[in-house]
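The structure appears below as structure tokens.
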Amino acid sequence: MRIAEILRNKGSGVCTVPPETPICELLGDFARYNIGAMVVVEDGAVVGIITERDVVRSLNHRGPSILADQARNLMTTDVTTCLPTDTVDSLAETMTSRRVRHLPVVEDGRLVGIVSIGDVVKSRLDELETERDQLESYIHRG
């Protein structure tokens, strides 16, 4: 299965913020949209990604003063991305080896979606269920 198929099923909407977004506002967006990562975009280009984990670790390290800080100061700038033509299996390997849970999907320099580890797991479970159904059908037909 390709990433494009996951995006067709779940939609291609991505929550983005500019780099100057205050962390306290970003936390509200995480809760409002029930998401764990936000893509940071400047002039139409992906410049970073910030996750709940980034905020929690910074809060632990620096204290509550980070709430007044900006996304640009907590975001990961070495963003791993994928293409719509990438396979789910290759994405699972990338997520495991890079220890990331969210990958922006970029095509021709444009952000076209985001895929989470949950999307990858759901895709794999759907594939396994389809295979199981096919095997059961084959067995029952005899």
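Key figures
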read-out: Residue selected from the range 99-142 under the condition closer than 24 Å to residue 36 by Cβ and polar (S, T, N, Q), by the criterion least open to solvent (accessible area, probe 1.4 Å); value: 123
read-out: Filter pass, residue 50 being at pLDDT 95 or above, within 19 Å of residue 23 (Cα to Cα), open to solvent by less than 30 Å² (accessible area, probe 1.4 Å) and not in a loop (DSSP other than H, G, I, E, B); value: yes
read-out: The range 1-25 residues that are farther than 12 Å from residue 105 by Cα, paired with ones that are among the hydroxyl-bearing types (Ser, Thr, Tyr) and open to solvent by 40 Å² or more (accessible area, probe 1.4 Å) (beta carbon under 7 Å, 6 or more apart); value: 1/87; 15/33
read-out: Residue match in the range 43-64 (condition: of a type outside the set (S, T, N, Q), touching a residue at least 60 places away in the same chain (Cβ under 8 Å) and in contact with an Asp or Glu (Cβ under 7 Å, 6 or more places away or on another chain)); value: no
read-out: Conditions (1) open to solvent by less than 30 Å² (accessible area, probe 1.4 Å); (2) assigned to a helix (DSSP H, G or I); (3) of a type in the set (A, V, I, L, M): number failed by residue 56; value: (1)
read-out: Test: residue in the range 99-108 that is of a type in the set (Val, Ile, Thr), free of Cβ contacts under 8 Å to residues at least 60 places away in the same chain, in contact with a Gly (Cβ under 9 Å, 6 or more places away or on another chain) and not in a helix (DSSP H, G or I); value: no
read-out: All positions within the range 1-47 that are within 17 Å of residue 119 (Cβ to Cβ) and open to solvent by 50 Å² or more (accessible area, probe 1.4 Å); value: 1, 2, 5, 8, 9, 10, 12, 13, 33, 34
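The values are calculated or read from the model by the stated rules, or taken from the named source; none is laboratory data. Since this is a predicted model, take the numbers as computed values, not measurements. Cβ sites come from the backbone with ideal geometry, for glycine too, and all protein chains shown count toward neighbours. For accessibility, only protein heavy atoms count, side chains too; no ligands or nucleic acids. Shrake-Rupley method; radii C 1.70, N 1.55, O 1.52, S 1.80 Å.
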